[in-house]
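Below is one structure; the comments refer to it alone.
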Amino acid sequence: MSRDYLRTKYLIIGAGLTGLSTAFHLNDDYILIETSGSPGGTASTLHFKGFKLDNAVHIFYFKDPTILNWIIDTLNVELLETIRKSSVWINNAYVKYPVQYHLAELHWPQRINSMRSILNSSSNKKGINSSDNFETYSLSAFGNQLTDIFVRPYNEKLFGVPMALLNTDWLGDYIPNYSRMKMLLSVLGIKNNNYGRNSKFYYPLEGGVSTVAQKLSSQLKTSPLYNCILEKVFYDKKYALLSDGTEVKYEYLINTIPLDSFLNNFDSLPSDILASLKLLKRNSTTLLHILGKGKIKKEEHWIYIPDPTIPFYRITIPGNINPANCPADRFALTLEFGGNIYENQSVLDKSIAILKSMGILNENNSDIEFCWKLINCSYVIYDENRKIALKKIFPFLQRNQIWSIGRYGSWEYSNMEDAILYGRKVAEQIIKQN
């Protein structure tokens, strides 16, 4: 930026899908700043030697058809429509996902124990009780066996905390209402393949998932300011200080970066907000992209790995999501690890050995190279303190004409459709106020 002083009606922090959608729907008199050099946030794509590498599984699935139509008709993004192929690695074997509806594929002892524990589980209720913690819910819904072989180890790897410390506020349709009858019937081989929120998903025909953010950015009336870092927010005086010394006067402030990082940029905070800020917890994710020559024989789009002895919790196969994500005769795998193990050589060596034992890598794969990435904020922790903290923080922000929205701004577990909807909704709310 060439000036030391700017004025705008709307200052938007972060050019991920939420920030871009907010700017698009406000349409005028905004400044959108972004720390990195390109749009998309976690919904971005690394273009590397002909590969298109997303931050693991980034696919679209829609509850609101207006968003699907908007992406196709307004943003002019051509989407592939795909039926999900996914599996779970349990006891050295692949079981189709969702595992609770493919119990016949488990080894015989696990199959029988799953059936018994479903029959003996403590509740006949359907759905989520607000008094449940996640462990109580899982034991009631799926029984001891499925909880122990999948739900507990997978989610503890993902969130990085014991399952009993998580509440059920985050579940929504991430774990849909279960059917005890369908689970029991699956023991007999009666399958339910197309179950869950992403049983059918959409993905850009070209360019990786970042195509949506790039197209959206290109249609903005005012382009984002890239490589621009928020240094300080003076909420009482309604201005922000940027990393190059520029001051931005605003009327409304819309944040989409992680809520804790955003609040830590405030010049001062009331004591109760500072105390609430300390209650917010999150887990990071480390990505390992493995690239090489040859083909992957597995057909899955992604594979869940609950086994606690295996360091990663999910494998994505980008070339199966869209063949255009890999050059001809090349393959890519993306491994996800809970926490920060960036460039950990021993973890890498162990992971390669495991991939070979799983039949994913083989002797025909060659010219292998690796690309690491750390996502500092990937999953917020839904513990007993989260709701308490947010009930203090959000009213404080709203009193000061500040909106904190999106997956990270709202401190929640949500998807890319939600991100776009957040931007549209907050723009409509603010415009209506004027």
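The values are calculated or read from the model by the stated rules, or taken from the named source; none is laboratory data. Given the structure is predicted, the values throughout are model-derived calculations rather than measurements. Quick reminder, even Gly has a Cβ in these numbers, built from the backbone with ideal geometry, and neighbours come from all protein chains shown.
Just a few scattered comments:
- Once the range 87-112 is narrowed to residues that are of a type in the set (S, T, N, Q) and crowded, with 18+ Cβ neighbours inside 10 Å, the residue that is farthest from Leu188 (Cα to Cα) is Ser87.
- Counting only residues that are within 20 Å of Phe201 (Cα to Cα) and of a type outside the set (Ser, Thr, Tyr), the range 1-58 holds 10 of them.
- Filtered by the rule that a residue be of a type in the set (Val, Ile, Thr) and surrounded by fewer than 16 Cβ atoms within 10 Å (Cβ to Cβ), the range 77-86 gives a lone residue, Ile83.
- Considering the range 303-361, the residues that are basic (Lys, Arg) and not in a helix (DSSP H, G or I) include one that is farthest from the chain's Cα centre (by Cα), namely Arg330.
- The set of residues from the range 346-360 being of a type in the set (Lys, Arg) and loosely packed, with under 15 Cβ neighbours inside 10 Å comprises just one member, Lys356.
- Taken over the range 128-185, the criterion of being buried (at least 21 other Cβ atoms within 10 Å of the Cβ), modelled with pLDDT of 90 or more, of a type in the set (A, V, I, L, M, F, W, C) and under 21 Å from Lys281 (Cβ atoms) is satisfied by Phe134, Val151, Phe159, Leu166.
- Considering the range 1-115, the qualifying strands (runs of 3 or more DSSP E), each wholly inside and each with 3 or more residues that are touching a residue at least 40 places away in the same chain (Cβ under 8 Å) and closer than 30 Å to Thr286 by Cα, run over 45-48, 51-54, 79-83, 86-90.
- The range 217-230, residues that are surrounded by 14 or more Cβ atoms within 10 Å (Cβ to Cβ) and not in a loop (DSSP other than H, G, I, E, B): Ser217, Leu225, Leu230
- Flag for Thr18 being within 19 Å of the chain's Cα centre (by Cα) and under 27 Å from Ser261 (Cβ atoms): yes
This table checks each residue for (1) of a type in the set (S, T, N, Q); (2) free of Cβ contacts under 8 Å to residues at least 40 places away in the same chain; (3) crowded, with 21+ Cβ neighbours inside 10 Å; (4) not in a helix (DSSP H, G or I).
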site: Asn192; (1), (2), (3), (4): yes, no, no, yes
site: Lys215; (1), (2), (3), (4): no, no, no, no
site: Asp244; (1), (2), (3), (4): no, no, no, yes
site: Asp272; (1), (2), (3), (4): no, no, no, no
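- Those residues of the range 252-261 which are assigned to a helix (DSSP H, G or I) and either surrounded by fewer than 22 Cβ atoms within 10 Å (Cβ to Cβ) or free of Cβ contacts under 8 Å to residues at least 40 places away in the same chain (or both), in sequence order: Asp260, Ser261
- The range 373-399, residues that are of a type in the set (A, V, I, L, M, F, W, C) and either loosely packed, with under 15 Cβ neighbours inside 10 Å or modelled with pLDDT under 95 (or both): Ile388
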